[in-house]
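K.L.:
If you scroll down you'll find the structure; I have some questions about it.
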Amino acid sequence: AAGDAKWQNRARGELGLVAGLTGNIGEAGMALFKAIATAEKIGDVGSAINFTIWLANGMAVNGMADAALKQLDKATDIARQNGYERVPFLLAIAKMRAIANLPEPARSQKAGGAQKLYAETLQLAETEKVAGAQIELLNQHGQIALGSGKTAEAERDFSHAASVAHSAQLSGLEAEALLALSRLYLQTKH
């Protein structure tokens, strides 16, 4: 009703997220692609980055992790070109998720970059006391370790994520970490 192109586009993008959450992946993808393109056109950097992160997360968990990384690299470039001092936590977590979902040998080829991103972002999340980011980073790092056969490292990451979540009283994230830990134990017969 206000006729504000930025807010109209943000609303359309959010409706795309709702479509994805209700299972309509095709509609979600199209809505997000359109919202990203419009946000870039009108200079709404925050929306372009936000919707790209959501699109990439969906791509990563639906068998398109390589395409997700390309989208995230583009979002990283947009952030840097527009004065972001650091990569937003959600963008770093999405990159970790996409790498964790790559098939081998691509996952191993990205492991060095993932480790650097993980270490830098986790340290920042710990310094700034952003428990949610810490937990997500630990879980994604654990998934990468598990996919690479490093079960002890994965166990350490999932356990640490569960501990941080428990301390922060983030029960949903604690459950996610404990579920990952349970799956690891089932897989390794511990």
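The values are calculated or read from the model by the stated rules, or taken from the named source; none is laboratory data. Quick caveat, the model's predicted, so the values are computed rather than measured. We place every Cβ from the backbone using ideal geometry, glycine too, and count neighbours over all the protein chains shown. Accessible surface is based on the protein model in full, side chains and every heavy atom, while ligands, DNA and RNA are left aside. Shrake-Rupley method; radii C 1.70, N 1.55, O 1.52, S 1.80 Å.
K.L.:
Within region 132-158, can you find the residues that are more than 15 Å from the chain's Cα centre (by Cα) and open to solvent by 20 Å² or more (accessible area, probe 1.4 Å)? Quick ask: steps written out before the conclusion?
P.N.:
Start the filter on region 132-158 by keeping residues that are more than 15 Å from the chain's Cα centre (by Cα), which leaves 145-158.
146, 147, 148, 149, 150, 151, 152, 153, 155, 156 - these are the residues of region 132-158 that are more than 15 Å from the chain's Cα centre (by Cα) and open to solvent by 20 Å² or more (accessible area, probe 1.4 Å).
K.L.:
What are the pairs, 6+ residues apart or on separate chains, where a residue within region 148-177 that is within 17 Å of residue 133 (Cα to Cα) has its Cβ under 7 Å from a residue that is open to solvent by 60 Å² or more (accessible area, probe 1.4 Å) and in a helix (DSSP H, G or I)?
P.N.:
162/178; 174/166
K.L.:
Let me ask something else about it. Could you grab the pairs with beta carbons closer than 8 Å, sequence gap of 6+ or different chains, first residue in region 2-22 and surrounded by fewer than 18 Cβ atoms within 10 Å (Cβ to Cβ), second one hydroxyl-bearing (Ser, Thr, Tyr) and part of a helix (DSSP H, G or I)?
P.N.:
Note: pairs meeting the criteria are 5/38; 6/47; 12/38.
K.L.:
Let me ask something else. Can you say whether residue 161 is at pLDDT 95 or above, in a helix (DSSP H, G or I) and open to solvent by less than 80 Å² (accessible area, probe 1.4 Å), as far as the supplied structure shows? It would help to see each step written out before you state the result.
P.N.:
Working: at pLDDT 95 or above: yes; in a helix (DSSP H, G or I): yes; open to solvent by less than 80 Å² (accessible area, probe 1.4 Å): yes.
It is true that residue 161 is at pLDDT 95 or above, in a helix (DSSP H, G or I) and open to solvent by less than 80 Å² (accessible area, probe 1.4 Å).
Every residue, every condition in (1) farther than 22 Å from residue 127 by Cα; (2) surrounded by 21 or more Cβ atoms within 10 Å (Cβ to Cβ), yes or no:
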residue: 72; (1), (2): yes, yes
residue: 75; (1), (2): yes, yes
residue: 79; (1), (2): no, no
residue: 83; (1), (2): no, no
residue: 88; (1), (2): no, no
residue: 93; (1), (2): no, yes
residue: 101; (1), (2): yes, yes
residue: 104; (1), (2): yes, no
residue: 107; (1), (2): yes, no
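K.L.:
Look through 150, 116, 95 and report the one residue that is among the basic types (Lys, Arg) and farther than 25 Å from residue 51 by Cα.
P.N.:
On the way: 116 fails: farther than 25 Å from residue 51 by Cα; 95 fails: farther than 25 Å from residue 51 by Cα.
Exactly one of 150, 116, 95 is among the basic types (Lys, Arg) and farther than 25 Å from residue 51 by Cα, namely 150.
K.L.:
Quick check on region 178-190: of everything there that is outside any loop (DSSP other than H, G, I, E, B) and open to solvent by 90 Å² or more (accessible area, probe 1.4 Å), which residue is nearest to residue 132 (Cα to Cα)?
P.N.:
So in region 178-190, the residues outside any loop (DSSP other than H, G, I, E, B) come out as 178-188.
With the extra rule that they be open to solvent by 90 Å² or more (accessible area, probe 1.4 Å), the set shrinks to 183, 186-187.
Details: 183: 21, 186: 26, 187: 26 Å.
Ranking the qualifying residues of region 178-190, first place goes to 183.
K.L.:
Identify all residues within region 23-60 that are open to solvent by 50 Å² or more (accessible area, probe 1.4 Å) and acidic (Asp, Glu); write none if there are none.
P.N.:
Of everything in region 23-60, those that are open to solvent by 50 Å² or more (accessible area, probe 1.4 Å) and acidic (Asp, Glu) turn out to be 27, 40.
K.L.:
Can you give me the ranges of the helices (runs of 4 or more DSSP H) entirely in region 15-112 with at least 2 residues that are of a type in the set (Gly, Ala, Ser) and more than 21 Å from residue 142 (Cβ to Cβ)?
P.N.:
Correct list: 25-42, 45-61, 65-81.
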